[in-house]
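Before any comments, here is the structure.
The values are calculated or read from the model by the stated rules, or taken from the named source; none is laboratory data. Keep in mind it's a predicted model, so treat the numbers as computed, not measured. Neighbour counts are summed over all protein chains in view; Cβ atoms, including those assigned to glycine, are modelled from backbone coordinates with ideal geometry. Ligands, DNA and RNA are excluded from the accessible area calculation, which covers all protein heavy atoms including side chains. Shrake-Rupley method; radii C 1.70, N 1.55, O 1.52, S 1.80 Å.
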Amino acid sequence: MNGFQDDLTGFADDYALGLMSPAAAELFEAVMATDPALAERVAHIRDALIPLDLSATPQTLPAGFAARVQDRLAHVAQDHPPARPAHMLGVDPTAPPMAANLPAAPVRRWMAGIAAALVLGVALGFGGALQRPEPQPVVMAVLLDDAGVPRAVVSDYGNDTAQIRFVSDIDVPQGFSLQTWTLPSAQMGPQSLGVLDGPRATLLQGPDLPDPGNNQLYEITLEPEGGSPTGRPTGPIIAKGLAAVQTGI
C-alpha cells in the first residue's frame, strides 16, 4: 500500500502542473474526492505555484515547438535503450519497447494507477463519494502586501463558508492574531470571516452574508490575540485583494 500511495502522491505533482490528459485528470479528481490528504497535497502544490504564476510573463511558443519536442523525445528514447535485459524486467522480450518518456507512456501509467485507485476506493466503500461533485468557489482573491508580494488566497463559496491558504509565511508577534475580513458593501462595512490560528490553511465559518461579487475586498489584519475587540478591523493590514468571480470552473 505504501508504494501505491507514493504513486498517487507523484500523480499529484503531474495533476497540479497540468501534465495529465483530460481523461486521466478526470479519474484523478475522482480519487481526490475520497482522499483528503491527496487533495490537500494538490492544494499545497497549487498554492506554492501561485507566486510563480503571478510573476511570470506569458510567452508565445515558436511555431512547431511541440512537434520538435516530440521528435527529440523519440530520438532520445531510441538512443538510450533500457540497460537491463527485458527478461529481468518481467516483460515480454518480443514486445516493442515503450520508453518512459514517450508521449503515450505517462498517460498509460497514470490511467493504470488511477484506475487501480478507483477500484480500491469502491472496494473500501467510497463509491457514493465518487459521485459527489466538489464545491466550487464563487469568487477567489489573491491577497498582496504593501510590496505587492502574494501572501494568501481566499476562496469564498458564498454559503457562509470560505477558505484561506497562505503562499508565504507571516510573522505573528506573541499576543496577536491574524483575522480575515471582507467588505460586502459600504453600507454593511467590513465583516469578519474568522480569527486564524496562525498563517496556515483554514476553513472559515463566517456570518450569513450576501453572495460575494466581483471586486469584493478581502483582507487580513493583525489584531489583539483572539480577534478585534470592536468587531471591526483595528490593526495594520497585512495583505488585501479584490475578488474575481470564478465562471465556468
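Let's see how each residue does on (1) over 20 Å from residue 157 (Cα atoms); (2) not small (Gly, Ala, Ser):
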{"position": "191", "(1), (2)": "no, yes"}
{"position": "211", "(1), (2)": "no, yes"}
{"position": "217", "(1), (2)": "no, yes"}
{"position": "225", "(1), (2)": "yes, yes"}
{"position": "238", "(1), (2)": "yes, yes"}
{"position": "241", "(1), (2)": "no, no"}
{"position": "244", "(1), (2)": "no, no"}
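Being within 13 Å of residue 176 (Cα to Cα) and in contact with a Leu (Cβ under 7 Å, 6 or more places away or on another chain) is the filter here; which residues of the range 223-245 pass it?
Scanning the range 223-245 gives 235, 236, 238.
Out of (1) part of a loop (DSSP other than H, G, I, E, B); (2) in contact with an Asp or Glu (Cβ under 7 Å, 6 or more places away or on another chain); (3) not small (Gly, Ala, Ser), what's the single condition that is false for residue 174?
So the condition that residue 174 fails would be (2).
In this structure, does residue 52 turn out to be open to solvent by 100 Å² or more (accessible area, probe 1.4 Å), of a type in the set (A, V, I, L, M, F, W, C), closer than 24 Å to residue 153 by Cα and modelled with pLDDT under 75?
Working: open to solvent by 100 Å² or more (accessible area, probe 1.4 Å): yes; of a type in the set (A, V, I, L, M, F, W, C): yes; closer than 24 Å to residue 153 by Cα: yes; modelled with pLDDT under 75: yes.
In short, yes.
Listed here are the residues, each with its yes/no results for (1) closer than 11 Å to residue 162 by Cβ; (2) in the same structural domain as residue 165 (by TED's automatic domain parsing); (3) at pLDDT 95 or above.
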| residue | (1), (2), (3) |
| --- | --- |
| 186 | no, yes, no |
| 196 | no, yes, no |
| 200 | no, yes, no |
| 206 | yes, yes, no |
| 211 | no, yes, no |
| 222 | no, yes, yes |
| 231 | no, yes, no |
| 235 | no, yes, no |
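In the range 158-186, what residues are open to solvent by 50 Å² or more (accessible area, probe 1.4 Å) and within 22 Å of the chain's Cα centre (by Cα)? Show your work before the answer.
Initial filter on the range 158-186 (open to solvent by 50 Å² or more (accessible area, probe 1.4 Å)): 159-160, 165, 169, 171, 173-174, 176, 183, 186.
Across the range 158-186, the qualifying residues are 159, 160, 165, 169.
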